[in-house]
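Participant: This is the structure I have questions about; it appears just below.
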Amino acid sequence: MLQEADIGVGISGVEGMQAVMSSDIAIAQFRYLERLLLVHGHWCYSRISSMICYFFYKNITFGVTIFLYEAYTSFSAQPAYNDWFLSLFNVFFSSLPVIAVGVFDQDVSARFCYKFPLLYQEGVQNILFSWKRIIGWMFNGVISALAIFFLCKESLKHQLFDPNGKTAGWEVLGGTMYTCMVWVVNLQLALSISYFTWVQHIVIWGSIALWYIFLMIYGAMSPSFSTDAYMVFLEALAPAPSYWLTTLFVMIFSLIPYFIYKSVKMRFFPVYHQMIQWIRYEGHSNDAEFVEMVRQRSIRPTTVGYTARRAASVRREDRFYDQIHTDLVAF
């Protein structure tokens, strides 16, 4: 039974350790099962769902900007970013924040998980990892990529980057786009975090700072190694006010759609954990009538498991008998 289950939970006791050895998770007493399911079960489902959706978002944002640049250059094989920029995006500049979310994020505290056990139904009903939510994050990535590419391209088209009157080259455009990319994907994650700790602050702001440090060190190396990134930050990007203004405006325009969507959904179409967040924010956590109203709003029919199959079977039987009754009456 444990081996056939998606996740097997074994309880160590006087019966022996065979069940524990065959299980994925072992607990010492049966009473620990409540916290395992209601608290850690909900947290893990929420964290993993957010992690996977965010991975779709940031990689689609990164990939679509490259595709748009290739289309802009008539598919001439001119790369949008330096080779090391491409290699290190998912290694140093956007990996640690999402790992921190997968470990530390809590949409609802443990106390409220106990108080509202129906939170566990978010996983049963697959609310946070549905195709609708995944496609929504992918669409958000496309919007961010469009904002990054077109705003950077248009804002730098006629800008002068040195006293000799030279306009921005492809290395300047690529560096600006990459800077906006690092800012946008990390701030997007910050907007989706429900529970901030010092770890999240360190990894989010540290990833952004690491990009600037890397760009300065890498650009100061010999041209044979840094190639087109040689002194691009110190001599071209950093002295130009348009570089910093473009980064600021791209961040704002890229994040506004998600911010508006999240605000509207949180206020008018909240899911269950968002209702509980409103309860905590407005101070109604001890109002029995208000809490019961939220519980009733959260109840939905299950879509997976034995209960859903049994309910579907009952509905089919009812339709079958209704059809027989209709035929007999007509006869």
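All of the numbers you see were taken from the coordinates with simple rules; none came from a lab. It should be emphasised that the depicted structure is a prediction, and the values quoted were computed from it without experimental measurement. Cβ atoms come from the backbone with ideal geometry, glycine included; neighbour counts cover every protein chain shown.
Participant: Run the simple label-point estimate for C44 and M266 please: 7 Å along Cα→C-beta, distance reported in nm.
Facilitator: Label at C44, label at M266, 2.8 nm between them.
Participant: Also, quick follow-up: Arrange the following residues from fewest to most other Cβ atoms within 10 Å of their Cβ: M51, M251.
Facilitator: Listed from fewest to most nearby Cβ atoms, that is M51, M251.
Participant: OK, next. What percent of all Cα-Cα pairs in the range 1-145 falls into each 5 Å bin, going from 0 up to the bin containing the maximum distance?
Facilitator: 2, 9, 12, 14, 15, 12, 11, 8, 6, 5, 4, 2, 1, 0, 0
Participant: To continue, here is another question. Note down the net charge around Y195, summing +1 for each Lys or Arg and -1 for each Asp or Glu among other residues with Cβ under 11 Å from its Cβ.
Facilitator: -1
Participant: Could I ask something else about it? Each residue of the range 83-96 in order: what ³J(HN,Hα) in whole Hz does its phi give by Karplus 6.51 cos²θ - 1.76 cosθ + 1.60, θ = phi - 60°, with x for Gly and Pro?
Facilitator: 4, 6, 4, 5, 6, 9, 4, 8, 9, 10, 9, 8, 9, 5
Participant: In addition: Tell me which trypsin sites (Lys or Arg not before Pro) from the range 43-149 have a DSSP coil assignment and no more than 16 other beta carbons within 10 Å of their own.
Facilitator: Here no trypsin sites (Lys or Arg not before Pro) fit, given the DSSP loop and packing criteria.
Participant: What list do you get for T326, T176 if you sort them by fewest beta carbons within 10 Å?
Facilitator: Lowest to highest Cβ neighbour count: T326, T176.
Participant: Then there is this: Anything over 28 Å Cα to Cα? Flag those among K58/K157; K58/K115; K115/K265; K58/K265, in the order listed.
Facilitator: K58/K115
Participant: Just in the range 168-256: which chymotrypsin sites (Phe, Trp or Tyr not before Pro) are loop by DSSP and have at most 16 other Cβ atoms within 10 Å?
Facilitator: Y195, F196
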